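Encoded as structure tokens, the structure appears first; notes follow it.
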Amino acid sequence: MKLRTWSKIRMWWRIWAKSLGEKVGETDRQANTIAVIRSIWWFTHMVTCLAIILNAVANHGWGLIGL
């Protein structure tokens, strides 16, 4: 990848990591590792929530959410 692309990726990674909460770790490498773990937790949480919503709609119909 071009250098410009990597700098954009790093910029978005930094924004994403900051959105996950306070920077934790003694080094940037530790902080990035923790941000990856928090990201996995966040995505797992979102998938679980989506599965719960889809299960409710499947069992109770779309009227459950007002559609």
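The values are calculated or read from the model by the stated rules, or taken from the named source; none is laboratory data. Worth saying up front: this structure is predicted, and the values here are computed from it rather than measured. Here Cβ is always computed from backbone atoms with ideal geometry, including for glycine, and neighbour counts include all displayed protein chains.
You will find that of 38, 4, 10, 29, the residue that is of a type in the set (Lys, Arg), touching a residue at least 12 places away in the same chain (Cβ under 8 Å) and out of contact with any helix residue (DSSP H, G or I) (no Cβ under 6 Å at 6 or more places or on another chain) is 38 and no other. When 23, 8, 18 are checked against the criterion of being surrounded by 10 or more Cβ atoms within 10 Å (Cβ to Cβ), of a type in the set (D, E, K, R) and part of a loop (DSSP other than H, G, I, E, B), 23 stands alone in meeting it.
Among the conditions (1) surrounded by 12 or more Cβ atoms within 10 Å (Cβ to Cβ); (2) on the phi > 0 side of the Ramachandran plot, residue 13 misses just one, which is (2). Of the residues in the stretch 37-51, not one is touching a Lys or Arg at 6+ places or on another chain (Cβ under 8 Å) and surrounded by fewer than 11 Cβ atoms within 10 Å (Cβ to Cβ). Every test in (1) more than 16 Å from the chain's Cα centre (by Cα); (2) modelled with pLDDT under 90 is passed by residue 22 save one, and that test is (1).
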